[in-house]
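Asker: Sharing a structure, written as structure tokens. Questions coming.
The values are calculated or read from the model by the stated rules, or taken from the named source; none is laboratory data. On a predicted model such as this, the values are computed, not experimentally measured, just so you know. Reconstructed Cβ throughout: ideal geometry from the backbone, glycine too, with neighbour counts over all protein chains shown. Only protein heavy atoms, including side chains, enter the accessible area calculation; ligands, DNA and RNA are left aside. Shrake-Rupley method; radii C 1.70, N 1.55, O 1.52, S 1.80 Å.
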Amino acid sequence: MKDFVMIWNRFAGRRYSTVNVNQNQSDSSESEEMTIARRTNTIRRKSSVVVNRFFNAALPNAVHSPISPRWPKSIFMLMTLGSIGLATGCILLVFQPYELLFRLKVIFTPGGEIFEMWRKPDVELYLKVFLFNVTNSEEYLTGKESKLRFQEVGPYVYKESLEHGNVRFNTNGTVSANLHHPLTYVREMSNGTELDFLILPNIALLSITNVMRDASYITRLGLNMLILHTDTQPLVRMTAREFMFGYESTLVTLGNNMMPSWIKFDKLGLIDRMYDFDGDFETVYTGETDVRLTGLIDKYNGNVNLPQWTGKCANVNGASDAVKFPSYIQPNDTIFFYRKSLCRSAYMGRTGEKFINGLHTYEYKFLENQLDNGVYNPENKCFCRKGHCLQAGLIDVTDCYYGFPIALSFPHFYKTDPRILEAVEGLNPRANLHESYAYVQPKSGLPVNLAFRFQINMALQNIGHMARVQKFENFVLPLLWFEIGMYELPASLNTRFWLYLNALPVVEKVGIYGLIFAAVVAIFFGVHKIVLFQTKGSLLPQQWQATADITSQKLQFLTNRRLSCKSNEMDTHYSSLLDSKEPNGTSDVTTELANLKEEIV
């Protein structure tokens, strides 16, 4: 039993010192202790082999084998960079970051580039005025000739320095500004001078007689006596500048003194009145809520409707003043145009497209019968003033010109009732000279080339009972026609938008597709390298397996050999114990040791 305890203590790592009775017993005990220690070490080695085999089976060979296969870093880098590049390229292709940046650029913000272009356009905007000089005034007034004969003179050219002043950003996505349109005479571009003397209609006389035609008899009698007393004539000689920017008239001075709420000026000139923007302000969209509306009119003078009209004819909401048109125009879209001098809004439709100085543009012209009063287009019947409709091609704008009987048409009565043109001589309508147009870059809404052409006329009614104007009863008298034009963008502005609209989108596409192509190439080469690597290393798995088998066999052989040696030693020891002098006392120990041997083996 003592021997069994010693073996157990040795196996458990415990050591005890013993006191021997005699030397033989001491030697025998030491021999037994050494034998048991060797057996215990053998058991530990065997358990280590079992544990090692367990972990070798559980973990991949790549962790333990010094010759295990590993991908080169180049393959890893190619596959990683290729995957990242492909994902990035696809994301950029879907979201188009430059398009997002351009949309943000179009929106009006304080100090923004597009906003500053709207606030004070850096363009060459010109007003060209053509006057109708009457060449047979005496013959017509005396009855010798039945038609007035006109000679077109001009143009008298003025540069318009458009500016939106006193800008105020509102909280509802709009911006308000006062309008300034100062004119500067450009002598070198004009055909003639402002001091040219011409025979032109006396607007003051014709207007006042038309306004007072239905007044009481006493009022009309007093006006007729005043006209005769002052010897006021319907056709007078004056300079071009006086006619455009104001000439003195007894009737105008009298009206200004007696009716200042009606006639607020002491001189009457058509261009002067047409460019009277004093106190006017407009509110336009910034594009925060809809980028397509950037720069379009929300309200004019605080109202979405013009006071001169009713119904849809009064609407100016969504109209452009030609400084900026809608952004992202589609081919079938119509654009809405408003200018105070026209006293109304009008629609334009796309008629073609054209590249101008490298910029892609849509060509727009006014829709057919836009100046109709319901004759051809019933929706335009709301342009009839107080139920009185003018002939087709004329728009009554009396309420925009201080009650004077002013009517707008296209120049030379282009697309107007033919009877109007037949009543006069010297006018020759031609589309290429008298039709309005606008070339607009559809994405930005930038006007690239435009010309708006209109004619100012007097639509006189039954004034035959008024002094000196009997020959003008129910007569449409042409006064002048004008062209507001911007014929090309400044070189710097054109280059800038060419870069924004043409170059940078191409650079973006080339960059995106280049990134995707490079990513695909990287992935392809990565896959190619993997295939080559696997082909070259196709024999390595067999070598690794053979090496592993050999190693395992060697370990098994060494383990078996150690166990065999130890087993022989234990047999020898057991035999010596059986031959001892205390057979009875050690029989139990021998049995236990035999059982332990079986367990160890």
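Asker: Could you tell me which numbered condition Phe482 fails, if it satisfies all but one of (1) within 17 Å of Leu359 (Cβ to Cβ); (2) touching a Leu at 6+ places or on another chain (Cβ under 8 Å); (3) crowded, with 19+ Cβ neighbours inside 10 Å?
Answerer: Of everything listed in (1) within 17 Å of Leu359 (Cβ to Cβ); (2) touching a Leu at 6+ places or on another chain (Cβ under 8 Å); (3) crowded, with 19+ Cβ neighbours inside 10 Å, Phe482 misses just condition (1).
Asker: Residues of the range 344-389 being open to solvent by 10 Å² or more (accessible area, probe 1.4 Å), over 28 Å from Ala459 (Cα atoms) and β-branched (Val, Ile, Thr), which ones?
Answerer: Thr351, Ile356
Asker: Would you mind finding the one in Gly445, Gly393, Gly403, Gly426 that is open to solvent by 20 Å² or more (accessible area, probe 1.4 Å) and more than 19 Å from Phe243 (Cβ to Cβ)?
Answerer: Gly403
Asker: Sticking with this one: Pick from the range 158-186 the residues that are more than 27 Å from the chain's Cα centre (by Cα), of a type in the set (Ser, Thr, Tyr) and open to solvent by 10 Å² or more (accessible area, probe 1.4 Å): which of them is nearest to Thr289 (Cα to Cα)?
Answerer: Only one residue tops the list, namely Ser161.
Asker: Just checking, which of Pro405, Pro331 is farther than 23 Å from His181 by Cβ, under 25 Å from the mean Cα position of the chain (by Cα) and of a type outside the set (A, V, I, L, M, F, W, C)?
Answerer: Result: Pro331 is the single residue among Pro405, Pro331 that is farther than 23 Å from His181 by Cβ, under 25 Å from the mean Cα position of the chain (by Cα) and of a type outside the set (A, V, I, L, M, F, W, C).
Asker: If I ask for residues that are part of a helix (DSSP H, G or I) and loosely packed, with under 13 Cβ neighbours inside 10 Å, which ones from the range 210-221 would you list?
Answerer: Hits for the range 210-221 are Tyr217, Ile218, Thr219, Leu221.
Asker: Could you list, ordered by first residue, the pairs with Cβ atoms under 6 Å in which the first is in the range 169-198 and more than 28 Å from Gly318 (Cβ to Cβ) and the second is open to solvent by 60 Å² or more (accessible area, probe 1.4 Å), at least 6 apart or interchain?
Answerer: These pairs meet every condition: Thr184/Lys159; Val186/Lys159; Glu194/Arg241; Phe197/Arg237.
Asker: Counting only residues that are hydrophobic (A, V, I, L, M, F, W, C) and out of contact with any Asp or Glu (no Cβ under 9 Å at 6 or more places or on another chain), which one in the range 434-456 is nearest to Met486 (Cα to Cα)?
Answerer: Residue satisfying both the conditions and the ranking: Leu450.
Matching residues to (1) touching a Phe, Trp or Tyr at 6+ places or on another chain (Cβ under 8 Å); (2) of a type in the set (D, E, K, R); (3) modelled with pLDDT under 90:
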residue: Ile456; (1), (2), (3): yes, no, no
residue: Gly464; (1), (2), (3): no, no, yes
residue: Val469; (1), (2), (3): no, no, no
residue: Trp481; (1), (2), (3): yes, no, no
residue: Met486; (1), (2), (3): yes, no, no
residue: Ala503; (1), (2), (3): no, no, yes
residue: Ile512; (1), (2), (3): no, no, yes
residue: Phe517; (1), (2), (3): no, no, yes
residue: Val520; (1), (2), (3): no, no, yes
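Asker: Checking Val375 against (1) outside any loop (DSSP other than H, G, I, E, B); (2) farther than 30 Å from Gln330 by Cα; (3) at pLDDT below 90, only one condition comes out false. Which one?
Answerer: (1)
Asker: Exactly one of these conditions fails for Ser74: (1) surrounded by 14 or more Cβ atoms within 10 Å (Cβ to Cβ); (2) modelled with pLDDT under 90; (3) not aliphatic (A, V, I, L, M). Give me its number.
Answerer: (1)
Asker: Select the strands (runs of 3 or more DSSP E) contained entirely in the range 228-343, then report the ones holding at least 1 residues which are in contact with a Leu (Cβ under 6 Å, 6 or more places away or on another chain) and either at pLDDT 90 or above or crowded, with 19+ Cβ neighbours inside 10 Å (or both).
Answerer: Hits in the range 228-343: 235-239, 281-285.
Asker: Looking at Glu138, Glu152, which one is free of Cβ contacts under 8 Å to residues at least 40 places away in the same chain and either open to solvent by 20 Å² or more (accessible area, probe 1.4 Å) or closer than 30 Å to Asn303 by Cα (or both)?
Answerer: Glu138
Asker: All but one of (1) more than 27 Å from Phe277 (Cβ to Cβ); (2) not in a loop (DSSP other than H, G, I, E, B) hold for Asn380; state the number of the condition that does not hold.
Answerer: (1)
Asker: If you scan the range 428-472, which residues turn out to be among the basic types (Lys, Arg) and within 19 Å of Ala346 (Cβ to Cβ)?
Answerer: Arg453, the sole residue that qualifies.
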